[in-house]
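The values are calculated or read from the model by the stated rules, or taken from the named source; none is laboratory data. Note that this is a predicted model, so its numbers are computed, not measured. No Cβ is skipped: glycine too gets one built from the backbone with ideal geometry, and neighbour counts run over all protein chains shown. For accessibility, only protein heavy atoms count, side chains too; no ligands or nucleic acids. Shrake-Rupley method; radii C 1.70, N 1.55, O 1.52, S 1.80 Å.
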Amino acid sequence: MSDKPNRIDDRYATSEKYTTLRGIYHDAKRRLSEIDWNYLSCGTGDEVTLRENTAVFDKVRFEVPLFAGISNPDTRTNVLGFDLSFPAFIAPFGGGEAVFHPEGHLAIGRAAAAVGIQQMVPVAASHSLEDIAKASSVASVFQLTFVGDEGGVLEMIERAKAAGYKYICVTYSPIRQWRERMMEDRFSLRNESGPSNFGPGKSDPAALQELLDFTKPRWTWAQAASVIRRSPLPCIVKGVSSGRDAKAAIDAGAVGLYVSNYGGRTIDRTPTALETLPAIRKAVGKDIPIVLDSGIRRGSDIAASIALGADAVALGRLIAYGMAADGEHGVRRTLELLQREFWTTLGHLGCSSVAELTADVISPGSFPAA
Ligand SMILES: Cc1cc2nc3c(=O)[nH]c(=O)nc-3n(C[C@H](O)[C@H](O)[C@H](O)COP(=O)(O)O)c2cc1C
């Protein structure tokens with residue numbers, strides 16, 4: 001880990017444009033068209049899971065020890081071999097026109113690098129995976145949906161490796177999602193024909209069509225395992241929501257797990273990621289790296305996730321709010337404020353480092369799974 005001091009500027013008085021995360025949220029909402037806002041914020045069905053993803057963090061209560069607080073806790077950690085200034089990754093989210101800002105994933109990568117965390121880049125990115133890797137020193141994980149023929153997926157992984165990515169984030173999508181806000185808006189992606197990350201070549205619209213063609217047969221665990229084992233890059237599996245799937249992913253050769261319900265965007269009435277986390281951690285033991293997303297909005301949400309068994313979180317909509325509010329600057333500020341809030345949470349809980357965040361910080365009975 002770097003010797004870079006972990007001093008956090010905790011003054012309220014600042015010349016920065018944004019002083020709070022909710023200020024960024026309100027600006028994002030004000031700036032986006034209603035259709036784009038719906039695309040970004042919607043869930044599936046009645047959006048029960050979407051609401052519960054954030055409500056579950058509201059149920060967590062911390063036990064705060066007296067005369068045990070820490071005035072300058074260390075927010076740094078190392079996950080999947082990456083030194084992180086605090087335990088977070090940028091989640092692989094994409095699809096929207098340049099991700100709510102023309103600079104898209106290039107700007108997100110620059111902001112993540114400035115704050116010292118890593119970026120997961122989706123296959124449906126705003127720019128080609130090569131251009132993002134060139135612009136961002138922290139574009140290290142490439143998200144790839146396993147679909148089509150195995151050879152094509154392996155060629156895609158080769159392409160990501162050649163561009164400098166270090167991991168593949170494996171995703172799976174069997175059928176289209178029921179998102180009523182987008183249906184009412186008759187939403188259609190404006191960049192559906194590009195930018196080119198589908199297929200081994202620079203641009204292969206046919207491969208994109210394959211991904212979106214839900215009449216094609218979807219993959220089985222056996223096929224996924226066969227590709228994960230032959231993959232030239234190590235794989236983490238996203239969408240894990242049970243101990244059974246966690247074990248299946250490890251048996252298939254995954255080196256890490258990504259606990260997620262995709263922010264309530266795939267199917268409604270599924271458990272929240274936080275609720276499923278303790279059982280998943282128990283199923284795979286303490287040494288398998290676990291990243292968690294779906295509902296992270298505050299530094300205290302990061303603390304709760306780590307305390308209940310994650311090694312790091314991933315940030316989805318929160319980063320999109322930063323992009324929509326003010327591009328690269330909005331994302332950088334989001335990350336700085338989030339790190340600061342996480343830092344004060346650690347300090348109040350009496351944890352001098354991320355490693356000290358255990359289930360002991362959760363008030364007994366406040367969270368059933370603790
Ligand atoms: C607009 C949008 C687009 C997304 N696109 C993708 C994607 O292309 N691939 C993917 O793996 N996940 C995608 N996700 C899911 C995110 O990676 C992440 O799991 C989710 O946003 C986490 O929930 P949260 O935003 O409530 O924190 C998308 C999410 C949003 C909001």
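Would you pick out the residues in region 302-342 that are among the hydroxyl-bearing types (S, T, Y) and closer than 16 Å to Y258 by Cα?
Result: S305, single match.
Looking at (1) at pLDDT 95 or above; (2) of a type outside the set (D, E, K, R); (3) crowded, with 19+ Cβ neighbours inside 10 Å, which is the one condition that is false for A114?
Status for A114: all satisfied but (3).
Residues being farther than 11 Å from V227 by Cα, open to solvent by less than 10 Å² (accessible area, probe 1.4 Å) and assigned to a helix (DSSP H, G or I): count how many of those fall in region 157-172.
Going through region 157-172 one residue at a time, the tally reaches 1.
Select from region 41-63 the residues that are closer than 22 Å to S363 by Cα and open to solvent by 90 Å² or more (accessible area, probe 1.4 Å) and list them in ascending order.
Once the filter is applied, which keeps residues that are closer than 22 Å to S363 by Cα and open to solvent by 90 Å² or more (accessible area, probe 1.4 Å), region 41-63 yields D58, K59, R61, E63.
With (1) within 14 Å of the ligand (Cβ to nearest atom); (2) touching a strand residue (DSSP E or B) at 6+ places or on another chain (Cβ under 9 Å); (3) polar (S, T, N, Q) as the list, and Q177 as the residue in question, which single condition is left unmet?
Failed condition: (2).
Being closer than 24 Å to I8 by Cα and within 16 Å of the ligand (Cβ to nearest atom), is that true of even one residue in region 342-354?
Yes: region 342-354 contains one or more residues that are closer than 24 Å to I8 by Cα and within 16 Å of the ligand (Cβ to nearest atom).
What's the number of the only condition in (1) at pLDDT 95 or above; (2) within 29 Å of A162 (Cα to Cα); (3) crowded, with 17+ Cβ neighbours inside 10 Å that W219 fails to meet?
(1)
Need pairs with beta-carbon distance below 9 Å; first residue within 21 Å of I8 (Cβ to Cβ) and within region 83-112, second modelled with pLDDT under 90 and aliphatic (A, V, I, L, M); sequence gap 6+ or separate chains.
From residues that are within 21 Å of I8 (Cβ to Cβ), the pairs are D83/M1.
Yes/no matrix, rows are residues, columns are (1) outside any strand (DSSP E or B); (2) closer than 15 Å to G316 by Cα; (3) within 14 Å of the ligand (Cβ to nearest atom):
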| residue | (1), (2), (3) |
| --- | --- |
| I70 | yes, no, no |
| P92 | yes, yes, yes |
| R110 | yes, no, no |
| A113 | yes, no, no |
| E130 | yes, no, no |
| S140 | no, no, no |
| G151 | yes, no, no |
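What are the pairs, 6+ residues apart or on separate chains, where a residue within region 306-317 that is under 15 Å from D83 (Cα atoms) has its Cβ under 6 Å from a residue that is more than 13 Å from the ligand (Cβ to nearest atom) and part of a loop (DSSP other than H, G, I, E, B)?
These pairs meet every condition: D311/P289; A312/P87.
Please determine, by comparing only the residues of region 249-272 that are away from the ligand (no atom under 16 Å from the Cβ) and in a helix (DSSP H, G or I), which one is least open to solvent (accessible area, probe 1.4 Å).
Taking the candidates together, the pick is I250.
Among the residues of region 16-24, is any under 23 Å from A114 (Cβ atoms), within 16 Å of the ligand (Cβ to nearest atom) and touching a Leu at 6+ places or on another chain (Cβ under 7 Å)?
Yes, region 16-24 contains a residue that is under 23 Å from A114 (Cβ atoms), within 16 Å of the ligand (Cβ to nearest atom) and touching a Leu at 6+ places or on another chain (Cβ under 7 Å).
Checking I296 against (1) away from the ligand (no atom under 15 Å from the Cβ); (2) within 17 Å of the chain's Cα centre (by Cα); (3) closer than 30 Å to S15 by Cα; (4) surrounded by 24 or more Cβ atoms within 10 Å (Cβ to Cβ), which test does it fail?
(1)
In this structure, is F89 out of contact with any His (no Cβ under 8 Å at 6 or more places or on another chain), crowded, with 20+ Cβ neighbours inside 10 Å and at pLDDT below 95?
For F89, the condition - out of contact with any His (no Cβ under 8 Å at 6 or more places or on another chain), crowded, with 20+ Cβ neighbours inside 10 Å and at pLDDT below 95 - is not met.
Which pairs turn up if I take residues in region 228-242 that are in contact (Cβ under 8 Å) with a residue 12 or more places away in the chain and look for partners that are open to solvent by 20 Å² or more (accessible area, probe 1.4 Å) and of a type in the set (V, I, T) with beta carbon separation below 7 Å, at least 6 apart in sequence or on another chain?
So the pair list comes out as P234/V255; C235/V255; I236/V255; S241/T270.
Look at region 225-248 and say how many of its residues are away from the ligand (no atom under 15 Å from the Cβ), touching a strand residue (DSSP E or B) at 6+ places or on another chain (Cβ under 7 Å) and either closer than 22 Å to S294 by Cβ or assigned to a helix (DSSP H, G or I) (or both).
Matching residues across region 225-248 total 2.
Check R230 against each of (1) in contact with a Leu (Cβ under 7 Å, 6 or more places away or on another chain); (2) open to solvent by less than 40 Å² (accessible area, probe 1.4 Å) and name the one condition it does not meet.
Tallying (1) in contact with a Leu (Cβ under 7 Å, 6 or more places away or on another chain); (2) open to solvent by less than 40 Å² (accessible area, probe 1.4 Å), R230 fails exactly one: (2).
Checking the condition within 11 Å of the ligand (Cβ to nearest atom) and touching a residue at least 40 places away in the same chain (Cβ under 8 Å), which residue from D46, D36 passes?
Answer to the check: D36.
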